[in-house]
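First the structure, which I've put down as structure tokens, then a few questions once you've had a look.
The values are calculated or read from the model by the stated rules, or taken from the named source; none is laboratory data. Small disclaimer: the values here were computed from a predicted structure and weren't measured. Neighbour counts run over all protein chains shown; Cβ positions are idealised from the backbone, glycine included.
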Amino acid sequence: MRRWLPPTLTVVGLLILWQVYTTVSGIESWLLPSPKDIWDAFVDQRDVLATHTLATTELTLLGFAAGVATGLLVAVLLHLIPGVRAAVYPLLVISQNVPTIAIAPLLVVWLGFGIAPKLVVIVLVCFFPVAVATLDGLGRSDAAINDYMLMSGANRRQLFTKLQWPAALPAMFSGLKIAATYSVLGAIIAEWLGSEEGIGRYMIAQKSAFRADRLFVAIAIIVVLALAIFGLVRLAEKLTIRGRASGRS
């Protein structure tokens, strides 16, 4: 609890300064709304926001799951198949230098306006940190234990399941935590492609209406959603690592 006190006090202090500034300066609320204006907008729009938030959450979780599965599959294939890593890894790095928002219109042309292009956008932003972190972790297994298992007659499958995969779990979860925060961003970009519901769609509508207060509400929801998914990944990490430690003891 104590570790959360400093950042909490910092946020509260910034909100107080923000409220004081907007009150004293007299700045127009459409340009910079006060925290009270933002809260009032949230209360006023809570029913609409609930619908949009649910749509974004569903899309985010589905895309995150697909991105994680893709990243893990890529990592395992690059690790297990000789020569593939040298040929494919540079292409993965190059793919991350192309802005996702620039690819998004092409995905609409190729896949239409359904859920498919939206999921592809989220997969593109999520799979890379998972793949890279997991691939790095798979190569960090103890060389001495690896040699001992080989001398004991272990095959490649046993080496992978008993040594390499368990050793990769900490690195894999690091990639998952990065992907968790990226997934919400990917969902928002995906919703800009042409969704009927979702926080991304809501933001476009409020931008056109110059409702900065509602845009700040949307931003706050995005942050909370990203933190929630990040927290779930951390919880899964603790349970997994704790389970492995209990199993060894």
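For segment 203-224, name all the residues that are closer than 20 Å to Phe113 by Cβ and within 20 Å of the chain's Cα centre (by Cα). Working first, answer last.
In the first step, residues of segment 203-224 are kept if they are closer than 20 Å to Phe113 by Cβ; the result is 203-205, 208.
The answer is Met203, and nothing else.
Scan segment 206-218 for residues that are surrounded by 13 or more Cβ atoms within 10 Å (Cβ to Cβ) and either hydrophobic (A, V, I, L, M, F, W, C) or without any contact (Cβ under 8 Å) to a residue 12 or more places away in the chain (or both) and report the count. Write out each step before concluding.
Of all residues in segment 206-218, those surrounded by 13 or more Cβ atoms within 10 Å (Cβ to Cβ) come to 206-207, 211-218.
Restricting the remaining residues to those that are either hydrophobic (A, V, I, L, M, F, W, C) or without any contact (Cβ under 8 Å) to a residue 12 or more places away in the chain (or both) gives 207, 212, 215-218.
Result for segment 206-218: 6.
Kindly establish whether Met172 is surrounded by fewer than 19 Cβ atoms within 10 Å (Cβ to Cβ), on the phi < 0 side of the Ramachandran plot and of a type in the set (A, V, I, L, M).
Working: surrounded by fewer than 19 Cβ atoms within 10 Å (Cβ to Cβ): no; on the phi < 0 side of the Ramachandran plot: yes; of a type in the set (A, V, I, L, M): yes.
So Met172 does not fit the description; no.
Any residue in segment 113-134 that's over 19 Å from Pro99 (Cα atoms): show its pairings with residues that are crowded, with 24+ Cβ neighbours inside 10 Å and of a type outside the set (A, V, I, L, M) at Cβ separation under 7 Å, as long as the two are six or more apart or on different chains.
What qualifies is Ala133/Gly175; Thr134/Gly71; Thr134/Gly175.
Only residues that are at pLDDT below 95, surrounded by fewer than 12 Cβ atoms within 10 Å (Cβ to Cβ) and either part of a helix (DSSP H, G or I) or not charged (D, E, K, R) (or both): list them for segment 25-49, please.
Ser25, Gly26, Leu31
Moving to a separate point now. Among the numbered criteria (1) surrounded by 12 or more Cβ atoms within 10 Å (Cβ to Cβ); (2) more than 18 Å from Met172 (Cβ to Cβ), which single criterion is violated by Leu77?
Every listed condition holds for Leu77 apart from (2).
Answer yes if at least one residue in segment 179-188 is farther than 29 Å from Pro35 by Cβ, of a type in the set (A, V, I, L, M) and modelled with pLDDT of 95 or more, and no otherwise.
Within segment 179-188, the first condition is being farther than 29 Å from Pro35 by Cβ, and the residues that meet it are 179.
With the extra rule that they be of a type in the set (A, V, I, L, M), the set shrinks to 179.
Those still in the list that are modelled with pLDDT of 95 or more too: 179.
Yes, some residue in segment 179-188 is farther than 29 Å from Pro35 by Cβ, of a type in the set (A, V, I, L, M) and modelled with pLDDT of 95 or more.
Go through segment 85-107 and report how many residues are more than 27 Å from Ala133 (Cα to Cα) and modelled with pLDDT under 85. Walk me through it before giving the result.
Residues of segment 85-107 more than 27 Å from Ala133 (Cα to Cα): 105-106.
Add one more test, that the residue is modelled with pLDDT under 85, and what stays is 105.
Residues meeting the conditions: 1.
Mind checking which pairs have a first residue in segment 193-205 that is over 13 Å from Thr57 (Cβ atoms) and a second that is surrounded by 24 or more Cβ atoms within 10 Å (Cβ to Cβ) and modelled with pLDDT under 95, Cβ under 6 Å, 6 or more apart or different chains?
Arg201/Glu191
So, one more: Only one of (1) surrounded by fewer than 11 Cβ atoms within 10 Å (Cβ to Cβ); (2) touching an Asp or Glu at 6+ places or on another chain (Cβ under 7 Å) fails for His52. Which number is that?
Status for His52: all satisfied but (1).
Out of all the residues in segment 83-101, is one or more of a type in the set (Gly, Ala, Ser), touching a residue at least 60 places away in the same chain (Cβ under 8 Å) and not in a loop (DSSP other than H, G, I, E, B)?
Of all residues in segment 83-101, those of a type in the set (Gly, Ala, Ser) come to 83, 86-87, 95.
Those left that are additionally touching a residue at least 60 places away in the same chain (Cβ under 8 Å): none.
No, the conditions are met nowhere in segment 83-101.
Right, another one. When you look at Lys238, is it over 21 Å from the mean Cα position of the chain (by Cα) and either exposed (fewer than 14 other Cβ atoms within 10 Å of the Cβ) or at pLDDT below 95 (or both), yes or no?
Values: over 21 Å from the mean Cα position of the chain (by Cα): no; either exposed (fewer than 14 other Cβ atoms within 10 Å of the Cβ) or at pLDDT below 95 (or both): yes.
No, not satisfied.
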